[in-house]
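Comments concern the structure below.
The values are calculated or read from the model by the stated rules, or taken from the named source; none is laboratory data. As the structure is a prediction and not an experimental result, all values here were calculated from the model. Here the Cβ positions follow ideal geometry from the backbone for every residue, glycine too, while neighbour counts run over all protein chains shown. Quick note on the areas: whole protein, heavy atoms, side chains included, nothing else; ligands and nucleic acids left out. Shrake-Rupley method; radii C 1.70, N 1.55, O 1.52, S 1.80 Å.
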Amino acid sequence: MYAEIIVDIASEQVDRVFTYQVPDTLRIVPGMRVRVPFGPREKEGFVIRLKETADYDESKIKPILAALEDFPAVLPELMELAWEIRAKCHCPLCEALRLMLPAEMRGGRVKVKTEEYVRLLIPPERIDEAIESQKRAKSRQMLIRLLSDGQAHPVEELRPMFRDVRSPITYLAEREMLEIIEKEALRAPYYGRADAAIDPALTPEQEEALSELIPALTHPTKPFLLQGVTGSGKTEVYIRLVREALRQGKGAIILVPEIVLTPQMINWFRSRFGNAMAVLHSRLSAGERFDEWRRIRKGDARIVIGARSAVFAPVEKLGVLIVDEEHEQTYLSDRFPQYDAREIAVSRGKREGAAVLLASATPSIVSYAMTRRGDYTLIEMPHRVLNRPLPKIHLVDMRQELRMGNHGMFSGLLQQKLEQCIGEGHQAMLFINRRGYASSVNCRKCGETIKCSRCDVSMTYHSFDQTLRCHYCGEIRPMPKACPSCGSTYIKPMGIGTQKVEEELNRRFPGAGVIRMDIDTTSEKNAHFELVDRFRAGQAKILLGTQMIAKGLDFPQVTLVGAVMADLTLNFPDYRAAERTYQLLVQVAGRAGRGEQPGEVVIQTYQPDHYAIQSAAKQDYRAYFNQEFGRRKSDLYPPFTMMARFLCEAKEMPAALATAESIKNRIIEEFSSSPLYRRIFFIRADEAPITRIQDRARAQVLMKLLNHPDTDKLLARFQEMAGENYPAKVYLEINPASLA
Ligand code: ADP
Ligand code: ZN
Ligand code: ZN
């Protein structure tokens, strides 16, 4: 017997199958991971296929050395998906296969954790006699007493009761009066305890959504896009759908943008499904992730909630795939291979006959356009549960405030609403999409902005430790006392961030209590859960944060939401800036009035006439969609085109630029006489918008490509080009999450 194997080396050169011989002593099936000799070394590999004969000299074929697990780590369906990713993301197959496993599994870096138990082997009727016989060895006597119930007890539990628990255990075990049992211990990644919950009666809109969705569990259909306003009860729809899938003996995967953003979702699911559920995300420890993955693989956990990579979870007999907040850019992988978890969900669902549900209050332009074309089925839930009203939204023109002499960060209206909200004993949430104290530090005399030494971005002032930090590479410097350029001491932090807002809130509302949630306050493992719990318990009246607080959170006591500076995302140099602004504002506004009390929202902006801000204030998705879709069409942006770029990184800019220029010229040379050239709308080589990150100069070849089946041929050729040698390191990106 022979096996075709992909060796786990990420390189275009070894991206093909190698044949190995299967020794009779090994039971090998496709999908298993094995150890094989490769050149002078030993490597890990994936078994792709078994075959009876080899196509070349059998005496030269080396044998597989060992199986790494006794089960196939990659399910057959996922193996097929890996081939698809290889074609779509233009990466070696082994990189696609790596996505299917917890990273820790490769190289055997984590092991199954075991726990030691001991159990008495003495029959009950002879226990008294045994105790008597150990009269002069008090610790043995005590151990026999403690174990006299005949149950297995963890050694760790007994340890505190003895000076040295080992010696009586060893003594009794040697005389076969006791046995030592190794049991697998699972590292459980849950925070706190979930209370059992009862099912609410469904609203008519939820009923109707489910009556469309449930049949899709048995009869494969097109993917669904559920557009439900904030507070319409989408989670309850997911829960009922998943429960029905379970009842039919099928599994479920629920993708959430980022676990830190959705602590409540996990609790809701845990309260209904208990241990049938597993979670997979980047904040787990290596051991936890490994154990959760194995619980899923063994079928002990049939429901998986996780971040984008959970779309590859090894759930067999998959019934439904749900993508919550499907508009989030975190579904686009920012690492290679750059996959889109939504696309994978759709194609995995189709492949495995599972229902696919994308859902959001603010669907992405691309997904909503799919419903217009009839590729997805649209389901709408336009009302909040229990007839709760959507919040009332006020737009405040901050230019007007300036004219009236208000130079502060809060408009008169926001100040007044905050006083009222706190006065009435309710809670408020304030949103500003920038962490740190100030956006930059500028010199009043020469105009210099202090920049990171390794990136071409201004450094952010952090007041709690008086440092300057680079949000791109993490560089930290003490705040200088004088301008590094002219020596003047007139240097000042400009602009605002969460820390400055926090300071201002504490000054204006002493005693109200402010909780700040941003990357800086949530770096500890469970910090985000703890902050959310503290706010829920009412220990602070104001929750302040970045986009981390914009979505998913459900606090019934919150009646006021303020967007301190709505324009921050709008001025981003990205064609999706308007889309992101609309989404963020609607999501953050949706945090208000989720309980008995109706909610109000204050949006502060310098561009009150912008359509993204206008339609967010009216919560009018269709108006926004029509405007944005029209603009994408006239300006030729996705979904009408595809953005592709070669990112070229080098030590110095001339090398990066030269590489970009040469790639551009080669593309023009190679294709200008081909019909494929018509698929390229636009091609340009220049510096990237951020010219330096982590001390690497960045240039780019930016292209807009027509969406057309042919375009794949171009992309495949581009991939080959990207793999060649240049003075700069070259990455090919297709519709990347960031065009910085
Ligand atoms: P969405 O995700 O659509 O913004 P959620 O799923 O967070 O909305 O639900 C909003 C709130 O409504 C939650 O507190 C939830 O417990 C509650 N809820 C959901 N469905 C019902 C129902 N049928 N009856 C009563 N309350 C419900
Ligand atoms: Zn200066
Ligand atoms: Zn930097």
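Tell me, what is the 1.4 Å probe accessible area of C91, in Å² to the nearest 10?
For C91, solvent-accessible area is about 10 Å².
Can you give the extra length, in nm with one decimal, that the chain gains between S523 and A577 once fully stretched, where that is 0.36 nm per residue apart less the Cα-Cα distance?
Stretched fully, the S523-A577 segment lengthens by 16.7 nm.
Over the chain, what relative contact order in percent results from Cα pairs under 8 Å that are six or more residues apart?
Across the chain, relative contact order equals 10 percent.
Loop-only check: which trypsin sites (Lys or Arg not before Pro) in the range 523-622 are DSSP coil with at most 15 other Cβ within 10 angstrom?
When the trypsin sites (Lys or Arg not before Pro) of the range 523-622 are filtered for loop state and at most 15 Cβ neighbours within 10 Å, K525 remain.
First obtain the Kirkwood hydrodynamic radius of the range 268-387 from its Cα pairs, then insert it into the Stokes-Einstein equation at 37 °C and 0.692 mPa s, and state the resulting D in µm² per second as a whole number.
Calculated translational D: 208 µm²/s.
Report the calculated FRET efficiency for E530 and Y677 (r = Cβ-Cβ distance, R0 = 51 Å), to the nearest 0.05.
0.35
Roll a 1.4 angstrom probe over the protein heavy atoms and tell me the percent of accessible area of the range 111-189 that is carbon or sulfur.
The C+S portion of the solvent-accessible surface of the range 111-189 is 48 percent.
For a paramagnetic label modelled at 7 Å from the Cα of R717 toward its Cβ, which residues of the range 663-699 fall within the zone defined by backbone nitrogen distances under 15 Å?
663-683, by backbone N distance to the label point.
Quick one: if you take sqrt(5λ) for each eigenvalue of the C-alpha gyration tensor of the chain, what semi-axes come out, biggest first, whole angstrom?
Semi-axes from the Cα gyration tensor: 46, 38, 29 Å.
Find the Rg to Rh ratio for the range 592-738, where Rh is the Kirkwood radius over alpha-carbon pairs and Rg uses the same atoms.
1.14
Per residue, how much accessible area does the range 1-153 show when a 1.4 Å probe rolls over the protein heavy atoms, in square angstrom?
54
Determine the distance separating the Cα centre of the range 442-521 from the Cα centre of the range 253-306; give it in Å without decimals.
The range 442-521 and the range 253-306 have Cα centres separated by 37 Å.
Taking R0 as 25 Å, what's the FRET efficiency between E448 and R403 from their Cβ-Cβ distance, rounded to 0.05?
It comes out at approximately 0.25.
Tell me the label-point distance for the pair A623, E115, using the 7 Å Cα-to-Cβ offset, in nm and rounded to one decimal.
With each label placed 7 Å out from Cα toward Cβ, I get 5.8 nm.
Can you give me the % of accessible surface on the range 1-85 that is carbon or sulfur? Probe 1.4 Å, all protein chains present, nothing else counted.
Reported share for carbon and sulfur atoms: 52 percent.
How would the range 210-340 be classified by its alpha-carbon gyration tensor: rounded, prolate or oblate, with rounded meaning a/c under 1.5 and the a/b versus b/c comparison settling the rest?
rounded
Could you calculate the contour length gain from K51 to F162, that is, 0.36 nm times the residue separation minus the distance between their Cα atoms, to one decimal place in nm?
34.1 nm
Reachable lysines from K445, Cα under 16 Å, same-chain residues fewer than 8 places away excluded?
K481, K492
Restricting attention to the alpha-carbon atoms of the range 218-269, what are Rg (one decimal) and Dmax (integer), both in Å?
So, for the range 218-269, Rg and Dmax equal 12.4, 34 Å respectively.
Round to a whole number: what % of the accessible area of the range 608-665 belongs to carbon and sulfur, probe 1.4 Å?
For the range 608-665, the apolar C and S fraction of the accessible surface comes to 55 percent.
Mind grabbing the base-10 log of I(q)/I(0) for the range 548-617 at q = 0.14, 0.25 Å⁻¹? Debye formula, identical points on the C-alpha positions, no solvent, two decimal places.
Here log10 of I(q) over I(0) equals -0.41, -1.08.
Where in the range 116-182 are there GluC sites (Glu not before Pro) that are in a DSSP coil and have at most 15 other Cβ atoms within 10 angstrom of their Cβ?
Sites meeting the loop and neighbour criteria: E176.
Mind scanning K250/K350; K113/K350; K43/K651; K250/K525 and naming the pairs with a C-alpha gap bigger than 27 Å?
K113/K350; K43/K651; K250/K525
Does the range 335-391 classify as rounded, prolate or oblate by the C-alpha gyration tensor (a ≥ b ≥ c root eigenvalues; a/c under 1.5 gives rounded; else a/b over b/c gives prolate, otherwise oblate)?
Since a/c reaches 1.5 and a/b is larger than b/c, the shape of the range 335-391 is classed as prolate.
Could you tell me the convex hull volume per residue, in Å³, taken over the Cα atoms of the range 484-609?
169
Take the residue pairs K392/K633; K234/K541; K551/K618 and return only those whose Cα atoms are more than 29 Å apart.
K392/K633
Checking a compactness column here: for the range 43-165, what do you get for Rg(Cα) / (2.2 N^0.38 Å), N being the number of residues?
1.93
List residues of the range 443-475, by number, whose backbone nitrogen lies under 13 Å from a label position 7 Å along Cα→C-beta of S738.
455-458, 470-475
Considering just Cα atoms, how many Å³ per residue does the convex hull of the range 436-488 enclose?
Hull volume normalised by residue count: 73 Å³.
Rounded to whole Å, give me the distance from the Cα center of the range 1-60 to that of the range 534-590.
Here the answer is 51 Å between Cα centres.
Among the GluC sites (Glu not before Pro) within the range 636-740, which fall in a DSSP loop and have no more than 13 other Cβ atoms within 10 Å of their own Cβ?
E652, E724
Roughly how large, in nm² to one decimal, is the mean projection of the convex hull of the alpha-carbon atoms in the range 602-681?
8.9
Have a look at the range 359-503 and give its Rg and Dmax from the Cα atoms, expressed in angstrom.
When restricted to Cα atoms, the range 359-503 yields Rg and Dmax of 21.8, 63 Å.
Could you work out how far apart the two model spin labels at E661 and A66 are, taking each label as a point 7 Å from the Cα in the direction of the beta carbon, and quote it in nm?
So the two model labels end up 5.5 nm from each other.
Between rounded, prolate and oblate, where does the range 454-527 land on the alpha carbon gyration tensor, with a ≥ b ≥ c its root eigenvalues, rounded for a/c under 1.5, else prolate if a/b exceeds b/c?
Oblate is the answer for the range 454-527, as a/c is 1.5 or above yet b/c matches or exceeds a/b.
Round to the nearest 0.05 the FRET efficiency obtained for S463 and A197 when R0 = 41 Å and r is the Cβ-Cβ distance.
FRET efficiency, S463 to A197: 0.50.
For the range 643-684, take the alpha-carbon Rg, divide it by the Kirkwood Rh, and send me Rg/Rh.
Radius of gyration over Kirkwood radius for the range 643-684 works out to 1.04.
How large is log10 I(q)/I(0) at q = 0.12, 0.15, 0.19, 0.20 Å⁻¹ when the Debye formula is applied to the Cα atoms of the range 1-72, each weighted equally and without solvent?
-0.27, -0.43, -0.69, -0.77
At 0.36 nm per residue, minus the direct Cα-Cα distance, what do D375 and L706 gain on full extension? Give it in nm, one decimal, please.
Gain in length upon complete extension: 117.2 nm.
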